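Taken together, the values in this text are just the output of simple stated rules run on the coordinates, not laboratory data. No experiment lies behind these values; they were computed from the predicted model shown. Here the Cβ positions follow ideal geometry from the backbone for every residue, glycine too, while neighbour counts run over all protein chains shown.
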Amino acid sequence: MADQVAEAIPSLADDKPQAESNVVIETRNLSKVYRDFWGRQKVRALKALDLEVRKGEIFGLLGPNGSGKSTTIKLLLGLLFPTSGQALVFGKDASDVGKNERIGYLPEESYLYKFLNAVETLDFYGRLFDMPADVRRDRVNELITLVGLDWAKRRQLKEYSKGMTRRIGLAQALINDPELVLLDEPTSGLDPIGTREMKDMILRLRDEGKTVVMCSHLLADVQDVCDRIAILHQGELKELGRVDSLITVKDMTQVRAEGLTKEAEEEIRAVIAKHGGKLVAMENPTTTLEELFLKIVRDSEAKPGRRSTQKD
């Protein structure tokens, strides 16, 4: 009997880490207060933040400037220390710098050596991770192709536009093939095409099994790529959940059809009224400005010289 109990105890202990391994990031009552020279409270940047980020998802931190997004990222990296509460990454306290070997980070402003070119920049960061020369060379070429900078890989970074700098910044964040990628305003400075390509790269990272945390104040970017979001305002968590669930209007039903005659539309109106409903709109659907812009650009590239057929 004692032997059976002894055998059962290790199996229970093994189950616990396995269940917890799905949680990559956890914050518990995490708070950060910035103080002035005299130790007086200056700004409460984060107030009792509780959230979890799960393995293999894209998690968005959404909020206006000054809402605590960047502070949260820096606390997770161990660049700042919390005033109270705790942040755990891979089950370890965020102050444990050893965890950072498994993390890639793209800051809001990329601080790169402007006299190096793209190849030299990525090679430098590969050396920081003690990557062998052949592995480093292959990884550098792979990432430059991924971010679409093959044509400019030998140019010094001082000649790069802000959008190009964001691209090489993302490549730098991925040099160590991280399990967790933290992106602070990843589409900052990008034109609509670059923004779409950046979002596609973020989705690809999730498809590869990586966990991505991105913070942004651009609603369309977050809606397009994130599985779950946390909305912050003035350092406080205001909403948390799946994007599709949060943006669904519960008390409305939308019906989309094509090829209806005027008579059919009138019958639909009558059915809605018969059942006590209120017809809010029956009109042609609209696309987004981003989709329209990308379609026009792609059509222009495919058929140079032809003007768009869009009507006023």
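With viscosity 0.692 mPa s and temperature 37 °C, the Kirkwood radius over alpha carbon pairs of the stretch 21-246 converts through Stokes-Einstein to a diffusion coefficient of 181 µm²/s. FRET efficiency for the pair Arg44 and Glu109, taken as 1/(1 + (r/R0)^6) with r the Cβ-Cβ distance and R0 = 25 Å, rounds to 0.60. By the compact-protein rule of thumb, 2.2 N^0.38 Å, the alpha-carbon radius of gyration of the stretch 29-83 corresponds to a ratio of 1.24. Going from the residue with the fewest nearby Cβ atoms within 10 Å to the one with the most, Glu101, Glu26 rank Glu101, Glu26. Above 17 Å, the calculated P(r) of the stretch 190-248 contains 43 percent of its Cα-Cα pairs.
Modelled this way, with points 7 Å down the Cα-to-C-beta line, the labels at Lys158 and Arg127 are 2.0 nm from one another. Local charge for Cys215 was computed over the other residues whose Cβ lies under 9 Å away, with Lys and Arg +1 and Asp and Glu -1, and equals -2.
In this rough spin-label picture, where each label sits 7 Å from Cα along the Cβ direction, the Leu218-Ser95 distance is 3.7 nm.
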